[in-house]
1. So which residues in segment 157-178 are open to solvent by less than 20 Å² (accessible area, probe 1.4 Å) and touching a residue at least 40 places away in the same chain (Cβ under 8 Å)?
2. With the condition kept exactly as written, say whether any residue in segment 118-128 is at positive phi, modelled with pLDDT under 95 and touching a Lys or Arg at 6+ places or on another chain (Cβ under 9 Å).
3. Of the numbered conditions (1) surrounded by 15 or more Cβ atoms within 10 Å (Cβ to Cβ); (2) modelled with pLDDT of 90 or more, SER337 satisfies every one except a single condition; which is it?
4. Among the residues that make up segment 139-155, is at least one of them more than 30 Å from ALA27 (Cβ to Cβ), in a loop (DSSP other than H, G, I, E, B), modelled with pLDDT under 90 and more than 20 Å from the chain's Cα centre (by Cα)?
5. Could you check PRO228 against (1) open to solvent by 10 Å² or more (accessible area, probe 1.4 Å); (2) under 19 Å from the mean Cα position of the chain (by Cα); (3) not small (Gly, Ala, Ser) and say which number it fails?
6. When the residues of segment 1-30 are narrowed to those that are polar (S, T, N, Q) and open to solvent by less than 60 Å² (accessible area, probe 1.4 Å), which ends up modelled with the highest pLDDT?
7. Tell me yes or no: at least one residue of segment 388-400 is in a loop (DSSP other than H, G, I, E, B), modelled with pLDDT under 50 and in contact with a Cys (Cβ under 7 Å, 6 or more places away or on another chain).
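The values are calculated or read from the model by the stated rules, or taken from the named source; none is laboratory data. None of the values given here were measured: they were computed from a predicted structure. Every residue, glycine among them, receives a Cβ derived from its backbone with ideal geometry; neighbour counts consider all protein chains shown. Please note that ligands, DNA and RNA were not included when accessible areas were found on the heavy atoms of the full protein model with its side chains. Shrake-Rupley method; radii C 1.70, N 1.55, O 1.52, S 1.80 Å.
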Amino acid sequence: MRSMDSYPKAAMERAMKVQEVILRAMAKKITWWQAAEILGISDRHMRRWRERYEEFGFRGLFDRRRGKPSPRRVPMAVVERVLGLYRDQYFDLNLRHFHEKLVERHQVALSYSWVKGVLQGAGLVARGRKRGVHRKRRPRRPLPGMLLHIDGSRHRWFQDARWYDLIVILDDATSEIYYAQLVEEESTLTVMAGLKEVIERKGVFCALYSDRGSHFWLTPKAGEAVDPHRLTQVGRALRELGIHMIPAYSPQARGRSERNFATWQGRLPQELRLAGCATLEQANRFLREDYITEFNRRFQVAAAERGSAFVPGPQRDLQRIFSLQFERTVNRDNTVSFQSLSLQIEAVKWRGTLAGCRVTAHQHLDGTLSLSYGPHCLGRYDATGAPLPAAASTAPGRGRGTAPFPCNPIPKTYPTQAARAQL
């Protein structure tokens, strides 16, 4: 039997062209008479080429041999099934994603290279461009919890006219996704909600790497360095927890996060379509209950060292820390004006009146409001400014949508950034 290397170069190129045209016709990208016209042969001769290819595969396009086909040749029924699955059901998946579906859902045990070659030969997938100059990636942190990335990506996640932001928090050491949520728009409140949830589940981490968005940093002049001394609401909350913030000055600097979002954009819209998710609520439920686990199973890597840099956080105090905080002066009638509302302060035992005092108004993630003076909670209010029952203001926080913080906050016992840097 002649080896493939023994054929002349011209014969190899001719056979590859014939195979490509046949695959296009099999994928119904062109008709068979159009395939014959491209090859410059008659319809009858085209049928002979097709029969020869179906019987002998690629080798049959060379020497018209007759006999038993190679045992390694993929049956034409399988080829047509693969092309049909991609054309009819998985048309918007990338090659790697489609190959995973073939193996897991359809038990088609073919190599990735073979699937790639067939799809490209049939014209269903464009051939990739050559790689550019090699660049060395920044080494990962050795322990989980030493550095977390946070970023948002605006995209048509439902493959229609709707645009949403996907907020993702991942670990630099392992690429594990700790939080992924679709929101109307990335903002201070949505970012705080994600950070609070991660700290509640995992603990306080050492550093956060982010872009220079206005909810993370204040930049005096566009394109220049950030001002590390003028804190945003997010910056103030993380400083209270001793978390160091690191700004990124280019997309290349956030390479790990940017590559992660390229994977999300190449997979999540198709997964949402296959799962039948058409609303924001359905998509976020799918993310929480199914897809984050699946994503981590595929793309999470092992940390370089054993252990963790996470430390337990102040669970009850997080409700106060992750709130929008504004200073206000108490009016003479012991009310505080805040966002067109008048918040009434009840009498306290430790002072006759609070008129003229500077207090802090808290806007919590669940929409409620509260006032504090030093360590004292002066009252809690709903979104309309109506006082909430006293029991609600003393109930410990139990996660999202619960009471913000007690009237006597617990002491801050979590370690400082300098102490955690020795981990």
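1. TRP157, LEU166, VAL168, LEU170, ASP172, ALA173, THR174, SER175, ILE177
2. There is at least one residue in segment 118-128 that is at positive phi, modelled with pLDDT under 95 and touching a Lys or Arg at 6+ places or on another chain (Cβ under 9 Å).
3. Failing condition for SER337: (1).
4. Looking for residues that are more than 30 Å from ALA27 (Cβ to Cβ), in a loop (DSSP other than H, G, I, E, B), modelled with pLDDT under 90 and more than 20 Å from the chain's Cα centre (by Cα), one finds at least one in segment 139-155, hence yes.
5. Here PRO228 meets the rest and fails (2).
6. So, considering only residues that are polar (S, T, N, Q) and open to solvent by less than 60 Å² (accessible area, probe 1.4 Å), the one modelled with the highest pLDDT is GLN19.
7. Within segment 388-400, not a single residue is in a loop (DSSP other than H, G, I, E, B), modelled with pLDDT under 50 and in contact with a Cys (Cβ under 7 Å, 6 or more places away or on another chain).
Residue by residue, here is whether (1) surrounded by 15 or more Cβ atoms within 10 Å (Cβ to Cβ); (2) in contact with a Gly (Cβ under 7 Å, 6 or more places away or on another chain); (3) in contact (Cβ under 8 Å) with a residue 24 or more places away in the chain holds:
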position: GLY352; (1), (2), (3): no, no, no
position: ALA355; (1), (2), (3): no, no, yes
position: HIS362; (1), (2), (3): yes, no, yes
position: ALA386; (1), (2), (3): no, no, no
